[in-house]
Amino acid sequence: MTRTVVITGATSGIGRAAAQAFAGRGDRLVLAARSPATLAEVREECRATGAPVLAVPTDVTMPDAVDGLARAALAAFGGIDVWVHTAAVMAYGRFDEVPERVFEQVVRIDLLAAAAVARVALRHFRAASAGTLILTGSVLGHITAPYLSGYVAAKWGLQGLGLALQQEARETPGVHICLVNPGSVDTPVYRQAANYLGRSAGPRCRSPPRNGWPGRWWTAPTGRAGRCRWAGSTR
């Protein structure tokens with residue numbers, strides 16, 4: 001059975017990978033992100049598999065933008081079965097040194113935009129008595145890391161929001177809320193993050209000990225195997 005899947009944050013990382021995976025199974029896709037050019041690239045990648053694809057340039061932080069995206073999906077495909085929200089940003093720096101506007105923008109995109117998506121998606125799902133909302137959290141919604149206060153605060157907030165929505169969804173058996181909490185993943189988010197540290201930042205991974213030599217910590221914006229911590233951490 002094919003489904004209509006809306007993906008917000010579809011142009012990179014987990015969102016782009018999700019788009020390719022849904023396209024591979026023949027689902028109808030509605031792809032949304034801020035960059036029209038990159039969105040067109042992903043649209044053509046998915047269309048190459050034979051999947052029907054609609055690309056809608058969207059800034060999820062703008063008023064009525066998410067409602068407009070839902071209307072476009074309904075006009076193109078007649079309904080929405082799955083909504084995947086992956087849009088996120090980061091900013092590195094000590095809390096008191098990150099500009100207030102930057103901190104607030106991280107929270108706006110990583111938490112409030114997710115809430116806006118959830119609100120619109122759930123209205124449609126409840127009207128249809130069916131649908132699945134997938135929110136992308138983070139392992140940093142369960143633990144903390146220095147120099148990522150905005151991102152950590154937003155992901156802890158998203159964790160609480162997701163759990164509350166799951167409890168509320170008990171009243172509508174056909175509506176499902178999924179909260180995915182990945183660890184470090186190979187995405188452009190680390191390279192694109194605002195940086196007020198004055199040095200490089202990102203996940204640090206420890207290579208395994210070998211031939212009696214201890215493991216080595218190294219910084220890399222990838223999700224490779226190993227023990228990881230954040231650059232700049234004292235532990």
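So, counting K/R as plus one and D/E as minus one, what does the shell of residues with Cβ under 14 Å around residue 149 add up to? Kindly include the intermediate steps, with their values, before the conclusion.
On the way: positive: 94, 155; negative: 96, 97, 100, 104, 110.
Residues close to residue 149 contribute a combined charge of -3.
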Using θ = phi - 60° and the Karplus form 6.51 cos²θ - 1.76 cosθ + 1.60, what ³J(HN,Hα) does each residue of the stretch 107-123 get, whole Hz, x for Gly and Pro?
5, 5, 6, 7, 10, 5, 5, 4, 5, 5, 4, 4, 4, 5, 4, 5, 4
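Could you give the alpha-carbon Rg of the stretch 138-201 over 2.2 N^0.38 Å, rounded to two decimals?
Details: Rg = 15.1 Å, N = 64, 2.2 N^0.38 = 10.7 Å.
Rg over 2.2 N^0.38 Å, computed on Cα atoms: 1.41.
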Listed by chain and number, the residues whose amide H is under 5 Å from that of residue 89, excluding neighbours fewer than 5 places away on the same chain and using placed H, are 110
Sort 171, 45, 100 by accessible area with a 1.4 Å probe, largest first.
171, 100, 45
Order by accessible surface, 1.4 Å probe, largest leading, for residues 178, 46 comes to 178, 46
Rounded to whole Hz and in sequence order, give me ³J(HN,Hα) for the stretch 79-86 from the Karplus expression 6.51 cos²θ - 1.76 cosθ + 1.60, θ = phi - 60°, writing x for Gly and Pro.
x, 9, 9, 9, 10, 10, 10, 10
Whole-Hz ³J(HN,Hα) from phi, Karplus 6.51 cos²θ - 1.76 cosθ + 1.60, for the stretch 183-190, glycine and proline x:
x, 5, 10, 6, 9, x, 4, 5
Extension gain, residue 17 back to residue 38 (0.36 nm per residue minus Cα-Cα distance, nm)
6.2 nm
Using a 1.4 Å probe on the protein heavy atoms only, what accessible surface does residue 190 show? Give it in Å² to the nearest 10.
20
Of all the C-alpha pairs in the stretch 51-178, what % are more than 22 Å from each other?
41
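The values are calculated or read from the model by the stated rules, or taken from the named source; none is laboratory data. Please read these numbers as outputs of a predicted model, since none were measured by experiment. Here the Cβ is made from the backbone with ideal geometry for all residues, glycine too, and neighbour counts use every protein chain on show. Please note that ligands, DNA and RNA were not included when accessible areas were found on the heavy atoms of the full protein model with its side chains. Shrake-Rupley method; radii C 1.70, N 1.55, O 1.52, S 1.80 Å.
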